[in-house]
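Colleague: If you scroll down you'll find the structure; I have some questions about it.
The values are calculated or read from the model by the stated rules, or taken from the named source; none is laboratory data. Nothing here was measured: the structure is a model prediction, and the numbers come from that model. In this analysis, Cβ positions are derived from the backbone assuming ideal geometry, glycine residues included, and neighbour counts consider all displayed protein chains.
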Amino acid sequence: MKKLFLLLFVLGASVTVQAQATDNSFQDWSVSNAEFIELYELATEIGKETDKVVANDNVISIVRNSGTTSFQRALDKSVTVEFYNFYLLTSQGQKINLNKGQTEKVLGKFDVVLKKVKQSLTADNTKAIDSILEDL
């Protein structure tokens, strides 16, 4: 009986550990969090060279002529484990909660745009930078 109880305890603990990195759809969010951290570092580096990209307090913003588009990572305080929610913010005041697929899509888009901006900064092409950011 003790062995059965111990076996159930170990199995229950392993299931709990596996569930911590996923949401109800069993998708792993730790990858998105790591990608956001890398993207934030890139945006911080670019932000030092241009005022069109801002990285501040877990928010990456791209300033365009038509407004600002921001990508936010916010700590979810309703759960006991470290879990982040991701939002897309617009200058029109919209705050869109992103699911896993949407988060990956936004991460990819911001990554492509920021890498293009970084390449353009090395060539010092202000018009090219503005064009890239407007295509976001």
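Colleague: Taking segment 39-95 on its own, how many of its residues are out of contact with any helix residue (DSSP H, G or I) (no Cβ under 6 Å at 6 or more places or on another chain), in contact (Cβ under 8 Å) with a residue 40 or more places away in the chain and in a loop (DSSP other than H, G, I, E, B)?
Modeller: 5
Colleague: If L136 meets every condition in (1) modelled with pLDDT under 90; (2) over 14 Å from the mean Cα position of the chain (by Cα); (3) in a helix (DSSP H, G or I) apart from one, which number is that one?
Modeller: (3)
Colleague: Under the condition of being under 15 Å from the mean Cα position of the chain (by Cα) and surrounded by fewer than 17 Cβ atoms within 10 Å (Cβ to Cβ), which residue from segment 44-59 is modelled with the lowest pLDDT?
Modeller: My answer is D57.
Rundown of residues vs (1) exposed (fewer than 11 other Cβ atoms within 10 Å of the Cβ); (2) over 10 Å from the mean Cα position of the chain (by Cα); (3) at pLDDT 85 or above; (4) among the hydrophobic types (A, V, I, L, M, F, W, C), yes/no style:
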| position | (1), (2), (3), (4) |
| --- | --- |
| S61 | no, yes, yes, no |
| T68 | no, yes, yes, no |
| R73 | no, no, yes, no |
| V81 | yes, yes, no, yes |
| G93 | yes, yes, yes, no |
| I96 | no, yes, yes, yes |
| G101 | yes, yes, yes, no |
| E104 | no, no, yes, no |
| L107 | no, no, yes, yes |
